[in-house]
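Read through the structure below, which is laid out as structure tokens, and then see the notes.
Computed from the coordinates by the stated procedures, all read-outs in this text should not be read as laboratory data. None of the values given here were measured: they were computed from a predicted structure. Reconstructed Cβ throughout: ideal geometry from the backbone, glycine too, with neighbour counts over all protein chains shown.
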């Protein structure tokens, strides 16, 4: 089963809608009315919904990943990306969603650039 995703606020909510058109379960920070909500709360939301979070915010989410694992808590994955066009992000996320299962992302950090 493909992973469920949550797009952090730096990514266009249009992207979430486009991925849903392909049948994937995707939410965005904008759609969930979570703009300006702290990263730890964004991550806790994604974890509570069993979603991998997609973000360009490398440093904060790597620290959250390390903290969760140190505390013996699991998460559903962090997908890091460089700033790219919506079309590029969509293409790479579709490759990821068609390649990995949700279980493949558990407690993992993956770079979206792997899915060029």
Practice prompt. Those residues that are loosely packed, with under 14 Cβ neighbours inside 10 Å and in a helix (DSSP H, G or I), I need them from the range 69-90; list them, please.
Written response: 69, 70, 86, 87
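Please determine whether any residue of the range 36-46 is crowded, with 17+ Cβ neighbours inside 10 Å, assigned to a helix (DSSP H, G or I) and in contact with a helix residue (DSSP H, G or I) (Cβ under 6 Å, 6 or more places away or on another chain).
Going residue by residue through the range 36-46, those that are crowded, with 17+ Cβ neighbours inside 10 Å are 39, 42-43, 45-46.
Cutting the leftovers down to assigned to a helix (DSSP H, G or I) gives us 39, 42-43, 45-46.
From what's left, in contact with a helix residue (DSSP H, G or I) (Cβ under 6 Å, 6 or more places away or on another chain): 39, 43.
Taking every residue of the range 36-46 in turn, at least one turns out to be crowded, with 17+ Cβ neighbours inside 10 Å, assigned to a helix (DSSP H, G or I) and in contact with a helix residue (DSSP H, G or I) (Cβ under 6 Å, 6 or more places away or on another chain).
For residues that are surrounded by fewer than 17 Cβ atoms within 10 Å (Cβ to Cβ) and farther than 17 Å from residue 98 by Cα, tally how many sit in the range 1-16. So that I can check it myself, show each step before the final result.
Filtering the range 1-16 for residues surrounded by fewer than 17 Cβ atoms within 10 Å (Cβ to Cβ) gives 1, 10, 12-14.
In the following step, the residues that additionally are farther than 17 Å from residue 98 by Cα were identified as 10, 12-14.
Total meeting the criteria: 4.
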Fill in: Out of 57, 104, sole residue that is touching a residue at least 12 places away in the same chain (Cβ under 8 Å), farther than 18 Å from residue 22 by Cβ, out of contact with any strand residue (DSSP E or B) (no Cβ under 7 Å at 6 or more places or on another chain) and surrounded by 15 or more Cβ atoms within 10 Å (Cβ to Cβ)
57
Fill in: Search result, residues across the range 16-47 that are over 17 Å from residue 110 (Cβ atoms) and under 13 Å from the mean Cα position of the chain (by Cα)
16, 25, 27, 28, 29, 39, 42, 44, 45
